[in-house]
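Novice: Mind having a look at this structure? Questions to follow.
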Amino acid sequence: MHKKFDNAEIEKKWQAKWQESGIHDVGLRDNSKEKEYVLVEWPYPSGNLHIGHWYAFAVPDIYVRYKRMMGKQVLYPIGFDAFGLPAENAAIKRNLDPKAWTNDNIAYMKTQLASMGNAFSWDKTCNSTDPEYYKWTQMMFTKFFDNGIAYRGKGVVNWCPGCNTVIANEQVLVDGTCERSGDVIEKREMPQWMLRITKYADRLIDDLDALNWPEHIKEAQRQWIGRSKGALIDFKLNATGANENDENSTIDRTISVFTTRPDTLYGATYLVLAPEHALVVQNEANIANWSEVASYIALTKQKAEQDRLDNTKEKTGVRLGGITATNPASGEEIPVYISDYVLASYGTGAIMAVPAHDERDNAFAKKFGIEIRNVISPFDFETKQHINWMTNVGEDSQKVLAEIHAGTRIYEYKGKLTNSGEFNGLDSEEVKEAIVKKVGGRMTSTYRLRDWSVGRQRYWGVPIPIVYDPEGKAHTVPKKHLPWLLPEDVDFKPTGIAPLAKSEALKKRTEEIFGQGWTPEVETMDTFVDSSWYFLRYLDNHNPNSLSTLETQKDWMPIDIYFGGAEHTTMHLLYSRFWQKALLDLELVSESEPYKRRINRGLILGPDGNKMSKSKGNVIDPDDHVKTVGADVVKMYLAFMGPYEGSNYPFDLGGIAGVRRFLERVYGLNEHIVEVEPKEITTLLHKTIAKVGKDIETFKFNTAISAMMILVNKAEKTGLTETSYDAFIRVIAPFAPHLSEEIWSNLGHKESVHMTKFPEADYNLLTDETITIGVQVNGKLRGTVNASPTATEQEITNLALTNKDIIRYAIPQSIRKVIYVPGRILNLIIGK
RNA sequence: GCGUGGGUGGCGAAAUUGGUAGACGCGUUAGUCUUAGGAACUAAUAGGGUAACCUGUGGAGGUUCAAGUCCUCUCCCACGCACCA
């Protein structure tokens, strides 16, 4: 029976009562309860909540409420990651104060968040733009600086010549132009504040093993860090031009390359340098075709890294005229090229190219007519055996082998060395170190991961707490001067110099504190810094003396479960893990890993199947739906759409009415209360309790809801006892917190339903009296039989053979074999 | 291009992890009730076929008594790729 309910009224009433009684606050530590720290990624206050925020916060709230009803003390905080580009852009565009814009947004979003009715721990909240928050961000930065983790390095940025400033990747259009000025963006190397995350690369990979994360997330992190083991090998450079014998020649006579395949050294028939490689510019005088080289370098600066690495595109490059290198193994003189498929940021920015055994080198060598020399053979000449995969090649293996030996087919695997002097016939894996030793190289690892560039030439961020003495040496701002406040007398319109450089107040403050001639750092921090430690501040958000005490951390850390978006898999998650480890080394935290468990939620797409974005105009505003159908319905519908951890769902409001109907039925179920209910209802109730609990633990809220629907459908027909209804309301309470509270109170309870215990399933009540078993004949389903769960194979077979659907296919005499899977299926095999 | 995930009815999905494919919900169709319905209730609903049956989980092969699930190859889609957060 449907019974309409006034969602607006119910929500208002209970939200007020919850707030008044403070039942969602965590309060002080309760030693009688186990702790559970549930973290959701804090939002950027962009202006208003969209449906993605609901998905991100309201659905995990089911888990939070369930855990509380299971007797845990649960921390479920929320805050705002409020520094960032959008505030600054809004400020530039509409001439607003970024601080006011941000604070207005936060205030509005807080009221919207309250309308969700989540069990947020509002007593533990924070905001990255609050000086009481960012003073700790600055304190940690100064510690990092003192310990060599933060340093002044060099990084590549997007430079817009039109705006005369650095611009974000986001502001670069696909064609490589600036979204604001339309100018072609140039890659420019500039001095940058960096954090030495690469020093932690091995720990970041190795510590993944112990984490209870989905394997795919761990793997994505491993790939992102990209550890590869190989060798550094020096090649001698020769200038064959006029300057060769010049004492004053600036030529650097060796170049170091990184390779994962030192075993192929004899096959290195040329070298390739990244166009940005320092040696190229330094050797201008030795390079015969300098103008050609220079124009190629200029062209490279306009290319995105992704395009440079695109293997489907034709390789380009320029040979350095007048320069050669000596292969340290074979002693041969080989040509040197520059090409954009080699990146300055990876390895040493230079490679030895082995075109017979590397696809990219092969494509390049073919285009430039360079010798391709086979040095690894998949054929063992001694034993006359093909090695591993060769035996599986569908083609004529003799032909394939001949092609490999002739250098007309690439072979990228291990094998036996050939054309490699004294190493011929040896195993490619075993010979690596010997070759490296012969040429005076060394084994090492390199990483795809680069140090984290944290400085930004922007206004709306945490000021980097560094000042420079009159000699230009950097010093940290002492702790007593923190927070090192963001000045407000700033014009942040882009003019080519950092906004903070225009602040008189900052300049004056610096001189007053440190003395004449001292100048402030004018860069602010990347916002990923703020979100690298916020979960620590939640724990101790009012503490003026510590970012978070070790005692508090020991209570709550590591985070039991971290819900977030897949887009943060590599960057945010890696940065914050690094931050935690860096803090551990400084003895500021108690744990080496911040997140015990991580779940990436699916992505809610716009109705058109694209990612929601304001520019595409496909953003769904949840407020209207909350008004018409209610917060419980919106929340439950989102939970019902599909598994939480999973794929992407185009948001379609069509189904929301079904959830509303369901809740109306739940509300009307009190009209079906009976003195005695059928046993099957009791069984079903206990099955539902067990299933809902299990599904919440595994974030399959969708099937939990479907199980509750099945129970309600049944109970409406047969009736249920008040005890059962009472239990069911507690089961649904985490999903529909407002309505369940209303029903609970109507049932005469004084205490909040959310303060009660989640029901326990009685395992004695879980077994059905009869089960249905599918009967197959030769693997095809031909009928079903009903039997007791304890029936034997013989009894089931006998039943099947009296069933006329089945007997048509399988007469007893024809049965050759019987396969019985208890409680599931019976397969009768007939025939010869 | 590289990395990660995914492809099952008209739609969102489920499938006890190798065992009755499509639970649950939306939508649709027919009927009931109603002054009325964009309400509620009842029934049907993967496709083909009058039926018996046959076909069916992106595609092609394979393993198995049995494949959405395992193996090989392949096509397509989404997300991330370091200054958006």
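The values are calculated or read from the model by the stated rules, or taken from the named source; none is laboratory data. Just so we're clear, the structure is a prediction, and the values are computed from it rather than from any experiment. Here the Cβ positions follow ideal geometry from the backbone for every residue, glycine too, while neighbour counts run over all protein chains shown. These accessible areas exclude ligands, DNA and RNA; they are computed on the full protein's heavy atoms, side chains included. Shrake-Rupley method; radii C 1.70, N 1.55, O 1.52, S 1.80 Å.
Novice: I'm told A:Lys110 meets every condition in (1) within 16 Å of RNA strand B (Cβ to nearest atom); (2) surrounded by 14 or more Cβ atoms within 10 Å (Cβ to Cβ); (3) not in a loop (DSSP other than H, G, I, E, B) except one. Can you identify the failing condition by its number?
Specialist: With (1) within 16 Å of RNA strand B (Cβ to nearest atom); (2) surrounded by 14 or more Cβ atoms within 10 Å (Cβ to Cβ); (3) not in a loop (DSSP other than H, G, I, E, B) applied to A:Lys110, the lone miss is (1).
Novice: To continue, here is another question. Among the residues of region A:91-107, is there at least one that is assigned to a loop (DSSP other than H, G, I, E, B), at pLDDT below 95 and within 16 Å of RNA strand B (Cβ to nearest atom)?
Specialist: Checked against the condition, which is being assigned to a loop (DSSP other than H, G, I, E, B), at pLDDT below 95 and within 16 Å of RNA strand B (Cβ to nearest atom), region A:91-107 yields no hits at all.
Novice: Within region A:761-796, which residues are surrounded by fewer than 18 Cβ atoms within 10 Å (Cβ to Cβ) and within 30 Å of A:Met70 (Cβ to Cβ)?
Specialist: Residues satisfying the conditions are A:Asp762, A:Tyr763, A:Asn764, A:Leu765, A:Leu766, A:Thr767, A:Asp768, A:Pro789.
Novice: Here is a further query. In this structure, is A:Val477 open to solvent by less than 10 Å² (accessible area, probe 1.4 Å), hydrophobic (A, V, I, L, M, F, W, C) and within 12 Å of RNA strand B (Cβ to nearest atom)?
Specialist: no
Novice: Could you say which residue among A:Pro520, A:Pro544, A:Pro558 is open to solvent by 10 Å² or more (accessible area, probe 1.4 Å), under 26 Å from the mean Cα position of the chain (by Cα) and not aliphatic (A, V, I, L, M)?
Specialist: A:Pro558
Novice: Shifting gears a bit: Give just the number: which of (1) more than 16 Å from RNA strand B (Cβ to nearest atom); (2) surrounded by fewer than 20 Cβ atoms within 10 Å (Cβ to Cβ) does A:Glu680 not satisfy?
Specialist: Checking A:Glu680 against (1) more than 16 Å from RNA strand B (Cβ to nearest atom); (2) surrounded by fewer than 20 Cβ atoms within 10 Å (Cβ to Cβ), the one that fails is (1).
Novice: Let me ask another. Which ranges mark the helices (runs of 4 or more DSSP H) fully within region A:622-718 that have 2 or more residues being aliphatic (A, V, I, L, M)?
Specialist: A:631-640, A:656-668, A:679-697, A:701-718
Novice: Can you tell me which of A:Asn311, A:Asn286, A:Asn327, A:Asn362 is open to solvent by less than 50 Å² (accessible area, probe 1.4 Å), in contact (Cβ under 8 Å) with a residue 12 or more places away in the chain and farther than 17 Å from A:Ala268 by Cα?
Specialist: When all the criteria are applied, what remains is A:Asn286.
Novice: Further, regarding this structure: In this structure, is A:Ala356 in a loop (DSSP other than H, G, I, E, B) and either closer than 30 Å to A:Gly425 by Cα or of a type outside the set (Asp, Glu) (or both)?
Specialist: yes
Novice: Can you go through A:Thr142, A:Thr137 and tell me which one is touching a strand residue (DSSP E or B) at 6+ places or on another chain (Cβ under 6 Å) and either at pLDDT below 85 or farther than 18 Å from A:Thr495 by Cα (or both)?
Specialist: The conditions single out A:Thr142.
Novice: Being open to solvent by 40 Å² or more (accessible area, probe 1.4 Å) and in a helix (DSSP H, G or I): is that true of A:Leu799 here?
Specialist: yes
Novice: Can you spot a residue in region A:131-139 that is under 30 Å from A:Ser21 (Cα atoms) and in contact (Cβ under 8 Å) with a residue 40 or more places away in the chain?
Specialist: yes
Novice: Return a yes/no flag: does region A:690-697 have any residue that is open to solvent by 40 Å² or more (accessible area, probe 1.4 Å) and away from RNA strand B (no atom under 16 Å from the Cβ).
Specialist: No: zero hits.
Novice: A follow-up question, please. Is there a residue being open to solvent by less than 10 Å² (accessible area, probe 1.4 Å) and among the β-branched types (Val, Ile, Thr) anywhere in region A:501-510?
Specialist: yes
Novice: Among the residues of region A:407-447, which ones are within 25 Å of A:Asp202 (Cβ to Cβ) and open to solvent by 60 Å² or more (accessible area, probe 1.4 Å)?
Specialist: Passing the criteria: A:Lys414, A:Glu429, A:Glu430, A:Glu433, A:Lys437, A:Arg442, A:Met443.
Novice: To continue, here is another question. When region A:128-159 is examined, which residues are found to be in a loop (DSSP other than H, G, I, E, B) and of a type outside the set (A, V, I, L, M, F, W, C)?
Specialist: Within region A:128-159, A:Ser128, A:Thr129, A:Asp130, A:Asn147, A:Gly148 meet the criteria.
Novice: Hey, can you tell me all the residues within region A:20-29 that are free of Cβ contacts under 8 Å to residues at least 24 places away in the same chain and not in a loop (DSSP other than H, G, I, E, B)?
Specialist: The one that is free of Cβ contacts under 8 Å to residues at least 24 places away in the same chain and not in a loop (DSSP other than H, G, I, E, B): A:Glu20.
Novice: Please go through region A:561-585 and give me each residue that is open to solvent by 30 Å² or more (accessible area, probe 1.4 Å), closer than 14 Å to A:Trp533 by Cα and more than 16 Å from RNA strand B (Cβ to nearest atom), ordered by number.
Specialist: Within region A:561-585, just A:Leu584 meets the criteria.
Novice: Also: State all residues of region A:448-460 that are open to solvent by 40 Å² or more (accessible area, probe 1.4 Å) and more than 30 Å from A:Lys99 (Cα to Cα); if no residue qualifies, say none.
Specialist: Those that are open to solvent by 40 Å² or more (accessible area, probe 1.4 Å) and more than 30 Å from A:Lys99 (Cα to Cα): A:Arg448, A:Arg450.
Novice: Among what's in region A:522-538 and is more than 8 Å from RNA strand B (Cβ to nearest atom) and hydrophobic (A, V, I, L, M, F, W, C), pick the residue that is farthest from A:Trp556 (Cα to Cα).
Specialist: A:Val522
Novice: Looking only at residues that are among the hydrophobic types (A, V, I, L, M, F, W, C), assigned to a helix (DSSP H, G or I) and within 11 Å of RNA strand B (Cβ to nearest atom) in region A:185-233, which one is most open to solvent (accessible area, probe 1.4 Å)?
Specialist: A:Trp224
Novice: Please list, ordered by first then second residue, the pairs with beta carbon atoms under 7 Å, 6 or more apart or interchain, first in region A:619-648 and of a type outside the set (A, V, I, L, M), second open to solvent by 70 Å² or more (accessible area, probe 1.4 Å) and not in a helix (DSSP H, G or I).
Specialist: Qualifying pairs under 7 Å: A:Pro643/A:Lys700.
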